[in-house]
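Novice: Sharing a structure with you now.
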Amino acid sequence: MNKILAVNKLSDALNRYIALFDLDAFFVSVERLQDKRLIGKPVIVCGMSGRSVVSTCSYEARKFGVHSAMPLLMAKHLCPNGIYVNGHMELYRKYSKMVTDIIAAKAPVYEKASIDEHYLDLSGMERFFDCYKWTQELRQFIIKNTGLPISCALSVNKTIAKIAADEVKPNGSIFVPRQEVQSFLDPLSIKKIPMLGEKTFQVLSSMGISTIQMLRETSPEMMKRLFGKNGEVLWEKANGRDDTPVIQHRERKSLSNERTFEKDTSDREMLERVLVTMVEHLAYDLRKEQSLTSCVAIKIRYSDFTTRTAEKHIPFTSFDHLLIKAIKELFVTLYPGNLPVRLIGVRFSSMVKGSWQMDLFDDTPQMARLNSAMDTIRNRFGTDAVKRAVDINIPKKD
Ligand code: TTP
Ligand code: MG
């Protein structure tokens, strides 16, 4: 396809062509490329400690009720004969990039929504090509060149593309044109609407609303009364409407923050507090843009302008507690104490797109919930609204 021919008509909601490409059981598929014996078996990718959770599992394992984010112990109970594989994030990152590179070379506008999901905006192309045929060819190209199974859905917006891709997985492709949107959505469970959480599901179920058609036939005013702005958005989605644009953004290579002190300081405790606050802010940014880092670094500039840096490679994460631990370790090794410091800084690099559940190889769902609760407060009241005890400046008593 000639890129110049792709005319974007984002504002023209009626003529949008949005495709979603989502790899099937991504981590498992990569593991299967390394070890062919895993093909056709119930495979679970997870951490190995008793407190780990499932990252993902093969469709064979899903038949036993195993799913992402399930505690490992429960997965083993449901699927005792499964093959449990420790994850290899570096490898997944490599294959994810391979897929992105293919899409970037062929698609006019794309958005990498997670480590294995890409939305493409093909609006305008329909005047020159059969968009569905084009997506199918791209899908085959990805499969042939990476060896990974991928599913694809083409429709008029992101929400329908997402729902449709989930319906045809694994190894499927589907086109839901505008005139078929309603009949496609109507019989599906409301659970299929992305972002419809458990609580909302319970409330709607208790009102007897189980299908998207039933939700569509309620009023937007009632949905707003019950669930606020989110209720209205859900109602719009049930009606097949979603104007969210496909936003192409370059993946950020690193995130950093540094601070120059007004007066040089050798107050160790204070320096550590500043570092912890910086890490919290950067980790919050990481999670906001759904990224994980695997390399953390600190920089210290002394009063004579000598600058020292140190970095550390860690398993991919966006969790505060792991990042703070790594930064503190670096600080201990890098700062001898007593020397007056002029500037201090933190940097995260080797980043990958992905939700933070992904770093759960050895983390507990409780920690994910804690971070998520803190982020909710920050989203509403600002970045400094919630802090760890260590970085609260408690006035000393005389
Ligand atoms: P998904 O696309 O949600 O799942 P999947 O590709 O494994 O399976 P599907 O065929 O349903 O698309 O997530 C992509 C990868 O992200 C997945 O392989 C592992 C990782 N992941 C986690 O680590 N934890 C999670 O909770 C989820 C949902 C995904
Ligand atoms: Mg996937």
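Only the coordinates and a few stated rules stand behind these numbers; no lab work does. Source: prediction; values computed, not measured. Ideal geometry is used to build each Cβ from the backbone, glycine not excepted, and the neighbour counts take in all protein chains shown.
Novice: How large is the dipole of the chain about the Cα centre if only Lys and Arg carry +1 and Asp and Glu carry -1, each at its Cβ, rounded to the nearest 20 debye? Each step should come with its number before you reach the end.
Specialist: Working: 58 positive and 47 negative charges, 64 e Å.
So the magnitude is around 300 debye.
Novice: Could you tell me the calculated FRET efficiency between Asn171 and Lys199, based on Cβ-Cβ distance and R0 = 35 angstrom, to the nearest 0.05?
Specialist: Values: r = 33 Å, r/R0 = 0.95.
Once rounded, the FRET efficiency stands at 0.60.
Novice: If you stretched the chain out fully between Arg252 and Leu339, how much longer would it get, using 0.36 nm times the residue separation minus the C-alpha to C-alpha distance? If you can, show how the numbers build up before the last one.
Specialist: Working: separation 87, 0.36 × 87 = 31.32 nm, distance 3.39 nm.
Full-extension gain reported as 27.9 nm.
Novice: Could you state the number of Å between the C-alpha centres of the stretch 10-83 and the stretch 262-307?
Specialist: Comparing the Cα centres of the stretch 262-307 and the stretch 10-83, I get a distance of 35 Å.
Novice: Distance in nm between label sites at Arg127 and Leu370, each 7 Å beyond Cα in the beta-carbon direction?
Specialist: Inter-label distance under the simple model: 5.6 nm.
Novice: Suppose every K and R has +1 on its Cβ and every D and E has -1 on its Cβ; what is the size of the dipole of the stretch 226-313 about the Cα centre, in Debye to the nearest 20? Let's see the in-between values first.
Specialist: On the way: 16 positive and 16 negative charges, 43 e Å.
Rounded to the nearest 20 debye, it is 200 debye.
Novice: Still on this structure: Placing +1 on the Cβ of each Lys and Arg and -1 on the Cβ of each Asp and Glu in the stretch 173-254, which of Asn230, Val203, Ser219 has its Cα farthest towards the positive end of the resulting dipole?
Specialist: Positive-most Cα among the choices belongs to Asn230.
Novice: Kindly provide the helix-only [θ] at 222 nm of the chain, computed as the sum of -39,500 (n - 2.57) over DSSP H runs of four or more divided by all residues, to the nearest 500 deg cm²/dmol? Numbers along the way, then the final one.
Specialist: Working: 14 runs with 155 residues, N = 398.
The helix contribution divided over the chain gives -12000 deg cm²/dmol.
Novice: Compute the FRET efficiency between Lys94 and Asn379 as 1/(1 + (r/R0)^6), taking r as their Cβ-Cβ distance and R0 = 35 Å, and round to the nearest 0.05.
Specialist: Values: r = 32 Å, r/R0 = 0.93.
Efficiency, from the Cβ-Cβ distance: 0.60.
Novice: Taking every Cα atom in the stretch 227-271, find the radius of gyration and the maximum pairwise distance Dmax, and write them in Å.
Specialist: Computed over the Cα atoms of the stretch 227-271, radius of gyration and Dmax are 22.9, 61 Å.
Novice: Roughly speaking, what is the stretch gain from Gln182 to Glu329, that is 0.36 nm per residue apart minus the C-alpha to C-alpha distance, in nm to one decimal? Mind dumping the intermediate values first?
Specialist: Values: separation 147, 0.36 × 147 = 52.92 nm, distance 5.58 nm.
Fully extending the segment from Gln182 to Glu329 adds 47.3 nm.
Novice: What number in nm² do you get for the chain if you take the convex hull of its Cα atoms and divide its surface by four?
Specialist: On the way: hull surface 98.4 nm².
Result: a mean projected hull area of 24.6 nm².
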